[in-house]
Structures are given as C-alpha cells and as structure tokens.
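A.B. asks: Starting off with a structure, shown below.
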Amino acid sequence: MPLRLYNTRTRDVRPLEPLEPGHVRIYVCGLTPSAEGHLGHARSFLFFDVLRRYLEHPRNGYRVTYVQNVTDIDDRSIATAEREGTTYDAVVARHYGSFKESMRILGVREPDREPYATRYVPQIVEMIGELVERGFAYATDDGVYYSVERFPRYGALSGKNVDELLVGARIAENEHKRDPLDFALWKFSKRGEPSWPSPWGDGRPGWHIECSAMSRALLGVPFDLHGGGYDLIFPHHENEIAQSEALMDAPPMAVTWVHGGLLNFDGKKMSKSLGNFEPLSAIVRRHDPLAIRLLFLQTGYRKPMNFTEASIAGAKTALTRLQRAAATLASVSAETAEVPEQAPARDVGATEAGAPEPRLDALRDEFFDALDDDMDTSRAVATLFRLASRSATYAAAGHAAEALSFVREAAAILGLGPAFDDDALARASAEPEGGSVDAGVAARLRERLADVVGLDGESPEAIVEAIVAKRNEARRSKDFALGDRLRDALLVEGIALKDSKEGTTWTVAGST
C-alpha cells in the first residue's frame, strides 16, 4: 500500500504520487526568526523530518529534495532591531542560530536548501513584475499590491468565502490598496529601514511573495508537496497559491498541501503575556530531546496537542521502557551469538495462557501500515510498545536479534535512533524500574483519555480498572479501534493487559 497523506487542497487522504518518478520535491515554510523559536515550531519541523525520513526509507525509496526557507526580513525583525539599537540581520542571526542549535539537539536533519528571503530579492522582483504585467498586481504610493478579485479561486484552500472575508475588513489609514483583501507584494521603505531596488521604488518584499518566488526558483512549479503549520493555511498559503497559480498555465502550484496541528502549552496558546512561553532552546536543554520527539509522535500530526510537564515526564518514562525492552533483546541476542548451540527455540505462536502472540513480521507490517495511513505515528509507536511488552517472549523463542533489528529500523525512521544505540541501552537498563501505578501515571492517563473515559477523583489503581472496563465494553460492542487505543495508552505507561476466559488482568512493569 503506498503512502497516503491528507491533502488540504482536496480535503481527502490520497496516495502521494510524485510528478517525477522516484523524486519527491518538498517546500516547508520555515522560521521567521524575529524572536526565539518555541515548541510549536519544533512540533511542525519534527513531523516533516519524520516524513522525509520515511520517504527515503527503502520501503519507499524516494530521492527527496527538501527546501525550508528563512524569512529573514519582516516588520517584527525591523522593530526588534530598532528597539535594541542593532540591525535586523543581527536579530535574525541571533535567533536563527539558537533555533538551528535546538533543531540539532532534537535530531532534525538539515534542509537540502535553506533559502533566505533577502538573497532571493531579484527572483521576487521578477515575479512581482510578471504579476503586474498580467494585471494581477498594481503599484500605489506605498507599495505594490496583489488584486484578489482578479483570482477567482481565492479561498479554495482554506474554504473561506471572499464575500464573508470582506465583512469587517478594512483598509488601514497608511495603506493605499484598492480592496481590503488585497495584500502587499512590495513595501516601499521608510526612513532608516533596510531596502532593495525595484522598478517601482526602493523597498522590501512582502511575506507571501517570498515563498512563492523561492519555491518556484528552487523546485519549479508544480512541485509535489507544500507543508507548514495549520495556522499558515490562511492567509499565507492562500496568498501563495494566488500569486503562483496566476502565472501558471496548468495549476496547482503544489499537488499536495500538508498542515500540522497546533500546540498548546498547559492548555493555552503559548504567549509571553500569559506567562507560559518558554524558549525552545531552554526546553530542549531541560528535557530529554528524544522524549520530546516521542511525545509528539504519540499524537497524530494533524491533531491539536497540549504540552504539559506531566506529558513530557510520561514520554520520558515511556522512552525508557522501550529502551529497557530493547536492552533485554540486545543482551539475549549477544548471548545467542556467543553460544551457537541452543535448545530448540519456543515458537512465537501462543503464550502460556493460550492467547496468540503476533508474529514479528505482522508487527512490522502494522508499523508500516500505520505510517502509510497518513503518517499515523501514534499507531506506529503503539506497535513498538506492544513489541516491548512481549520482548521476553520473543527472546525466549529465539527472535531477539530479529526483534531488536526491527526496533532499531523503526526508531531510525522516527528519528529516535540514538536512544537505541548500545550506550543508550546500557544506561537505560541500569535505571531502576517502578512497579506501581503512581499519581503521575494516573494524571497522564486522565489527560490522554479524557474524551472517552471519565477519570476524575479516582485512585491511580481505580483509574486503570476503569480503563480496563471501558476496553472490555468496547470489545463487546466491536469498537476495536477504541479498544486498541485504551490498551495502547496503558502500554505506554508500562501497564500490560492479559486476557483469559476468567477476564482481563493487568500488571505494571517491574511488578511480580
């Protein structure tokens, strides 16, 4: 089954079919480094990093050209420079340097091309000139604007109606555009501001035209996939389409548009005014960066997500649990390699209770099927926890090396590879393992399952019992998706279920 992605442009999940066989061209809107990067930026770029890794994995075997821009000139960087008594490029260098270091710590690979907007001003001016020539743009006393009414498909990506957008829209006193929805392509410079020459007057590019010009210059149009956060759909990506497709004989600009969900911090949008903003550079030093990765992977990329201290603590615990299981497999695999004469291996076909054990190739297929299904990393990660909960069984059956190989293959795709090298496994196996349901586990289960199970006020053990009861109810009603979700949520916390004719029992990792 080929990789399928949700396409914002078509509003459905469909196979990714590159325009050029074997080659996927991707443009992702990068950072505007007028201030410190935050965790929401990290979530977006971590997802596209995993997508890129999976596209290049032998299962897909694509060559990927990945472009991620830098918006290094905008109103905010100019304002920050003026406030600090420095230059806009000094502001950008400081914040973007910090962001790049955070990406390195998180294991996000470098883009193939990293265009800075100010280095593509000639291409931007050329594109604006084409839009003016074809009647899609016009010059005024304060700059050059795009004429939205000249593009009939405006609003198609976001689903917004132009007439509704006009309600309440207005033209600011310092703007000279003809229509409230028109947007700036070129802004004439004010005293003391950085500027570049153009046929219409010295100034600087607008935000939207930068990405249209850079993607066209580096990838050509149309290209395969355009990515970014959900908050960029309107107006940024809508405006990119209007600019680019106005100059194309055969749209679309990008065949597939992929957008990641937003991230809240303790249930609120991150904001300095709310006091819940912490620079990304501080967070990646305060927490295990691989645990941050795992935390993001446990939620589907299109879903909104809430980051809390409890959730990252849970991700760290879950990561250690995976590492400890892998360490067991590594130890058994090494022992088997040293002693070739072994007793006959027990088949991985049934447990002592008679419940079937999934074959490793079936688990591997499930992992890849999850990624093929709109990059469902949550389901893919759950597959690894199921393997971890049965690691002793696989080891006893003589499949330790095979199981460890799969774990490491999956981890490399997810960007978790360093957590499973020999040194990391040795450290994880040396850490003490808990054997009870503590308050932190209970809090994380409440948060993760609040939409399906009422879990307020119960003891930690009662919470587990309530989840088990809900799972049994889901299985009886043949709601297997919910049953799997509840089982996987418990597995992440090291709580394994055992079904038998007498009912379902549960045990905690480390208990006897």
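A.B. asks: Taking the stretch 66-96 only, how many residues are among the β-branched types (Val, Ile, Thr) and not in a helix (DSSP H, G or I)?
C.D. replies: First pass over the stretch 66-96, keeping only residues among the β-branched types (Val, Ile, Thr): 67, 70-71, 73, 78, 80, 86-87, 91-92.
Filter once more, so that each one left must be not in a helix (DSSP H, G or I): 67, 70-71, 73, 86-87.
Going through the stretch 66-96 one residue at a time, the tally reaches 6.
A.B. asks: I'm trying to understand the selection: among the residues of the stretch 1-18, which are assigned to a loop (DSSP other than H, G, I, E, B), of a type in the set (A, V, I, L, M) and either in the same structural domain as GLY61 (by TED's automatic domain parsing) or loosely packed, with under 13 Cβ neighbours inside 10 Å (or both)?
C.D. replies: Pass one, the stretch 1-18, residues assigned to a loop (DSSP other than H, G, I, E, B): 1-3, 8-11, 16-18.
With of a type in the set (A, V, I, L, M) added as a condition, the list becomes 1, 3, 16.
The one that is assigned to a loop (DSSP other than H, G, I, E, B), of a type in the set (A, V, I, L, M) and either in the same structural domain as GLY61 (by TED's automatic domain parsing) or loosely packed, with under 13 Cβ neighbours inside 10 Å (or both): MET1.
A.B. asks: Any residue that is more than 30 Å from GLY267 (Cβ to Cβ) and at pLDDT 95 or above - is there at least one of those in the stretch 27-45?
C.D. replies: Within the stretch 27-45, one or more residues are more than 30 Å from GLY267 (Cβ to Cβ) and at pLDDT 95 or above.
Results for (1) surrounded by fewer than 17 Cβ atoms within 10 Å (Cβ to Cβ); (2) in contact (Cβ under 8 Å) with a residue 60 or more places away in the chain; (3) under 22 Å from THR10 (Cβ atoms), shown as yes or no for each residue.
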position: ILE209; (1), (2), (3): no, yes, no
position: ALA213; (1), (2), (3): no, yes, no
position: ALA217; (1), (2), (3): no, yes, no
position: GLY220; (1), (2), (3): yes, yes, yes
position: ILE233; (1), (2), (3): no, yes, yes
position: VAL255; (1), (2), (3): no, yes, yes
position: PHE265; (1), (2), (3): no, yes, no
position: PHE277; (1), (2), (3): yes, yes, no
position: ILE283; (1), (2), (3): no, yes, no
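A.B. asks: Then there's this: Can you tell me which of PHE48, PHE151 is over 21 Å from LEU185 (Cβ atoms), among the aromatic types (Phe, Trp, Tyr) and in the same structural domain as ILE209 (by TED's automatic domain parsing)?
C.D. replies: Numbers: PHE151 fails: over 21 Å from LEU185 (Cβ atoms).
Unique residue meeting the criteria: PHE48.
A.B. asks: A follow-up question, please. Enumerate the pairs (first residue in the stretch 54-73 and closer than 15 Å to LEU3 by Cα; second residue anywhere and of a type in the set (Asp, Glu) and at pLDDT 95 or above) with beta-carbon separation below 6 Å, excluding pairs fewer than 6 apart on the same chain, so at least 6 apart or on different chains.
C.D. replies: Correct list of pairs: VAL64/GLU56.
A.B. asks: Does the stretch 308-321 hold any residues that are within 21 Å of the chain's Cα centre (by Cα) and at pLDDT 90 or above, and which are they?
C.D. replies: Residues satisfying the conditions are ILE312, ALA315, LYS316, ALA318, LEU319.
A.B. asks: I would also like to ask the following. Kindly indicate which of LYS316, LYS303 is in contact with a helix residue (DSSP H, G or I) (Cβ under 8 Å, 6 or more places away or on another chain) and surrounded by fewer than 20 Cβ atoms within 10 Å (Cβ to Cβ).
C.D. replies: Values: LYS303 fails: in contact with a helix residue (DSSP H, G or I) (Cβ under 8 Å, 6 or more places away or on another chain).
The conditions single out LYS316.
A.B. asks: Going through the stretch 411-440 one residue at a time, which ones are over 16 Å from ALA327 (Cβ atoms) and at pLDDT 80 or above? Quick ask: steps written out before the conclusion?
C.D. replies: The first filter runs over the stretch 411-440 and keeps only residues over 16 Å from ALA327 (Cβ atoms), leaving 412-415, 434-440.
The answer is ALA412, ILE413, LEU414, GLY415.
A.B. asks: How many residues are within 24 Å of VAL381 (Cα to Cα) and modelled with pLDDT under 80 if we restrict to the stretch 461-495?
C.D. replies: Adding up the residues that qualify gives 2.
A.B. asks: Of the numbered conditions (1) buried (at least 21 other Cβ atoms within 10 Å of the Cβ); (2) assigned to a loop (DSSP other than H, G, I, E, B); (3) of a type in the set (A, V, I, L, M), LEU51 satisfies every one except a single condition; which is it?
C.D. replies: (2)
A.B. asks: Considering the stretch 135-189 alone, what residues qualify as being basic (Lys, Arg), outside any loop (DSSP other than H, G, I, E, B) and farther than 19 Å from ILE241 by Cβ?
C.D. replies: LYS187
A.B. asks: Also, quick follow-up: How many residues does the stretch 479-501 hold that are part of a strand (DSSP E or B) and surrounded by fewer than 21 Cβ atoms within 10 Å (Cβ to Cβ)?
C.D. replies: Start the filter on the stretch 479-501 by keeping residues that are part of a strand (DSSP E or B), which leaves 495-500.
Add one more test, that the residue is surrounded by fewer than 21 Cβ atoms within 10 Å (Cβ to Cβ), and what stays is 496-500.
Counting residues in the stretch 479-501 that are part of a strand (DSSP E or B) and surrounded by fewer than 21 Cβ atoms within 10 Å (Cβ to Cβ) gives 5.
A.B. asks: Could you go through the stretch 212-235 and let me know if any residue there is touching a Cys at 6+ places or on another chain (Cβ under 6 Å) and assigned by TED's automatic domain parsing to the domain that holds GLU114.
C.D. replies: Looking through the stretch 212-235, at least one residue is touching a Cys at 6+ places or on another chain (Cβ under 6 Å) and assigned by TED's automatic domain parsing to the domain that holds GLU114.
A.B. asks: Further question on the same structure: Just checking: which of the helices (runs of 4 or more DSSP H) contained wholly in the stretch 211-307 hold 2 or more residues that are modelled with pLDDT of 95 or more and of a type in the set (S, T, N, Q)? Walk me through it before giving the result.
C.D. replies: On the way: elements: 238-245, 280-286, 289-297.
Passing ranges, in order: 238-245.
A.B. asks: Right, here's the next one. Could you tell me whether the stretch 88-97 includes any residue that is under 23 Å from MET375 (Cβ atoms), out of contact with any strand residue (DSSP E or B) (no Cβ under 6 Å at 6 or more places or on another chain) and either surrounded by 21 or more Cβ atoms within 10 Å (Cβ to Cβ) or not assigned by TED's automatic domain parsing to the domain that holds HIS226 (or both)? Walk me through how you get there before you give the answer.
C.D. replies: Here is the first cut: in the stretch 88-97, the ones under 23 Å from MET375 (Cβ atoms) are none.
Scanning the stretch 88-97, I find no residue that is under 23 Å from MET375 (Cβ atoms), out of contact with any strand residue (DSSP E or B) (no Cβ under 6 Å at 6 or more places or on another chain) and either surrounded by 21 or more Cβ atoms within 10 Å (Cβ to Cβ) or not assigned by TED's automatic domain parsing to the domain that holds HIS226 (or both), so the answer is no.
Every residue, every condition in (1) buried (at least 21 other Cβ atoms within 10 Å of the Cβ); (2) over 15 Å from the mean Cα position of the chain (by Cα), yes or no:
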position	(1), (2)
HIS23	no, yes
TYR27	yes, no
LEU31	yes, no
ALA35	no, yes
HIS41	no, no
SER44	yes, no
PHE47	yes, no
ARG59	no, yes
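The values are calculated or read from the model by the stated rules, or taken from the named source; none is laboratory data. These numbers were taken from a predicted model, which means no experiment stands behind them. Because the Cβ atoms are built from the backbone with ideal geometry, glycine has one as well, and the counts that use them run over all protein chains shown.
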